[in-house]
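I have placed the structure first, in the form of structure tokens, so that the comments after it can refer back to it.
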Amino acid sequence: MKLPILWQTALLLAASNVFMTLAWYAHLKNLADRPWWIAALISWGIALFEYMLQVPANRIGSSELSLAQLKIMQEVITLTVFIPFVVFYMQQPLKLDYLWAALCILGAVYFIFRS
């Protein structure tokens with residue numbers, strides 16, 4: 001059974017976001033004692049995997065979704081991946097501000113996906 005395009009896109013974007021989040025922020029924890037350019041090169045290598053998933057996700061999604069819908073979907077997924085990363089991997093406290101940010105993004109979802 002083939003997944004609907006919306007789900008294919010969402011799953012690929014979610015996987016790409018895991019790599020993106022690691023590339024952007026994991027060096028703050030794991031490479032803090034290394035020069036910035038080493039962190040940049042390692043992050044660049046991780047980001048390659050992000051692009052290998054993100055590009056097909058956007059190509060698949062663009063067959064049924066507008067660019068604005070793809071972007072808002074990406075932002076929702078980014079926040080969904082980022083919050084557990086911050087709390088569990090970076091060991092930062094969970095903040096009520098994350099809820100408010102999520103509610104704002106849900107408003108964006110409503111407006112961009114309404115008929």
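The values are calculated or read from the model by the stated rules, or taken from the named source; none is laboratory data. It should be emphasised that the depicted structure is a prediction, and the values quoted were computed from it without experimental measurement. Cβ coordinates were reconstructed from backbone atoms using ideal geometry, including for glycine residues, and neighbour counts include every protein chain displayed. Accessible surface areas use protein heavy atoms only, side chains included; no ligands, DNA or RNA. Shrake-Rupley method; radii C 1.70, N 1.55, O 1.52, S 1.80 Å.
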Exercise. Which of GLN54, GLN74, GLN91 moves most in a GNM of the chain, Cα contacts under 10 Å?
Worked result: GLN91
Exercise. For the chain, which whole percent of the accessible surface, found with a 1.4 angstrom probe, sits on carbon and sulfur atoms?
Worked result: 72
Exercise. How far is helix 96-113 tilted, in degrees, relative to the longest principal axis of the Cα atoms in the chain, given as a value from 0 to 90 rounded to the nearest 10?
Worked result: 30
Exercise. How far, in nm, would the chain grow between LEU31 and ILE105 when pulled straight, counting 0.36 nm per residue and subtracting the alpha carbon separation?
Worked result: 23.5 nm
Seminar exercise, completed: Tilt, helix 5-21 to longest principal axis of the chain (alpha-carbon atoms), in degrees rounded to tens, equals 10
Problem set entry | Principal-axis tilt of helix 67-84 within the chain, Cα atoms, nearest 10 degrees | 40
For this session: Within the chain, what's the longest run with no trypsin sites (Lys or Arg not before Pro) in a DSSP loop and at most 10 other beta-carbon atoms within 10 Å? Give the range, please.
Result: 3-113
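Note the full-extension length gain between LEU79 and TRP24 as 0.36 nm times their separation in residues minus their Cα-Cα distance, in nm to one decimal.
Details: separation 55, 0.36 × 55 = 19.80 nm, distance 1.37 nm.
Going from the current span to full extension adds 18.4 nm.
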Seminar exercise, completed: Note to self: C-alpha centroids of the stretch 1-40 and the stretch 43-100 sit apart, in Å, by 8
Problem set entry | Solvent-accessible area per residue, Å², over the stretch 7-115 with all protein chains present [probe radius 1.4 Å] | 67
